[in-house]
1. Report the normalised scattering of the range 75-139 as log10 I(q)/I(0) at q = 0.12, 0.13, 0.21, 0.29 Å⁻¹, calculated by the Debye formula with identical scatterers on the alpha carbons.
2. Give the peptides 28-38, 65-75 in descending order of average Cβ contacts within 10 Å, highest first.
3. Could you state the principal axis extents of the C-alpha atoms in the range 17-94, from the largest down, to the nearest angstrom?
4. Using 32 Å as the Cα-Cα cut-off, could you pick out the over-long pairs in Lys18/Lys52; Lys17/Lys125; Lys26/Lys125; Lys26/Lys76; Lys25/Lys128?
5. Assuming 1.306 mPa s and 10 °C, estimate D for the chain with Stokes-Einstein, Rh taken as the Kirkwood radius over Cα pairs, in µm²/s.
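What follows draws every value from the coordinates through simple rules; no lab data is involved. If you're wondering where the values come from, they're calculated on a predicted model, not measured in any experiment. Backbone-built Cβ (ideal geometry, glycine too); neighbour counts: all protein chains shown.
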Amino acid sequence: MDNVARFGVSIEKDLLKKLSAYMKKKGYKNRSEAIRDMIRDKLVEEEWSGGKGAAFGTVSLVYSHESRELANRLVKAQHRKLGHIVASLHVHIDHHNCMEVLVLKGKAREIQQLGDMLLSTRGVKHGKMTFTTAAAIKD
Ligand code: NI
């Protein structure tokens, strides 16, 4: 634990109450862990918005497989962007709907563009992108 530093923080009582409520809701048992996660999240957001750092992301897409045009476009996009898509998972939700989860790797700006392109494709019923950067890994 040589790399751990301790520091005192002054905080308004109301804000501390909100932190405690947040921790309870999220299942944190340790205030330090909750604050460390918040700091990492902010650093990832900052690095991501810079657009240049190495980043990883996921894109999940829900669509009807009956939309052939969309299914073809998704496959083509994945083959064209091989360098950015490192893994994919396909789940058949029901008779009509599929979910595709892609793991993307690359520069933040590039994978953001790829994610946006996939999410805005006609026929995607719902989708979400998540991301992380080196700021979450370095401790
Ligand atoms: Ni399917």
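1. Ignoring solvent entirely, the Cα scatterers give -0.35, -0.41, -0.95, -1.48.
2. 65-75, 28-38
3. Principal extents (Cα only, largest first): 52, 36, 17 Å.
4. Cα-Cα > 32 Å for Lys18/Lys52; Lys17/Lys125; Lys26/Lys76; rest within.
5. Value of D from the Cα-based Kirkwood radius: 90 µm²/s.
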